[in-house]
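Where a number appears in this text, it was derived from the coordinates with a stated rule and is not lab data. What you see is a predicted model, and the numbers here were worked out from it, not measured in a lab. All Cβ positions, glycine included, derive from the backbone under ideal geometry; neighbour counts span all protein chains shown.
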Amino acid sequence: MNIKKLIYSLFLLSMIVGFRYRVMAVTIPNPFAGDFLDNFTRITSVIRPATVLSFLGVVLWGGFTIETAGDNADKMSKGWKIILAGIIGFVVMIIAPSLPDFIAMIFGTEGLIDF
């Protein structure tokens, strides 16, 4: 018997036997069930530690670039720019959650959007 026919026959037999058994379904609860504020808080609780880790990674990357620059002023400048970009990004991530409240306070619309 040809090996391809044997493999095909075994595959068909396994499909027929496999479909005889009942499949048990599992209900997975929706992780985003709830209101918008709960979901937003859940998502930001994951994102904020990730931004701290990325900030540390960028600072280490910039420091490594500075340390390996030697006498090359361009690489030294590049390392400082990497660190400065990391600091600016981290400050933006720290300020971002309070920015909508600050803008609402400036325009006097504190009670319109309830977060």
- Task: State the number of residues belonging to the stretch 60-102 that are over 23 Å from residue 47 (Cα atoms) and either not in a helix (DSSP H, G or I) or not acidic (Asp, Glu) (or both).
- Result: 17
- Query: Is one or more of the residues making up the stretch 16-37 under 20 Å from the mean Cα position of the chain (by Cα) and surrounded by 12 or more Cβ atoms within 10 Å (Cβ to Cβ)?
  - Reply: no
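Quick one: how many residues across the stretch 45-59 are of a type in the set (Ser, Thr, Tyr) and either surrounded by 13 or more Cβ atoms within 10 Å (Cβ to Cβ) or not in a helix (DSSP H, G or I) (or both)? Spell out how you get there, then give the answer.
First pass over the stretch 45-59, keeping only residues of a type in the set (Ser, Thr, Tyr): 45, 51, 54.
With the extra rule that they be either surrounded by 13 or more Cβ atoms within 10 Å (Cβ to Cβ) or not in a helix (DSSP H, G or I) (or both), the set shrinks to 51, 54.
The qualifying residues number 2.
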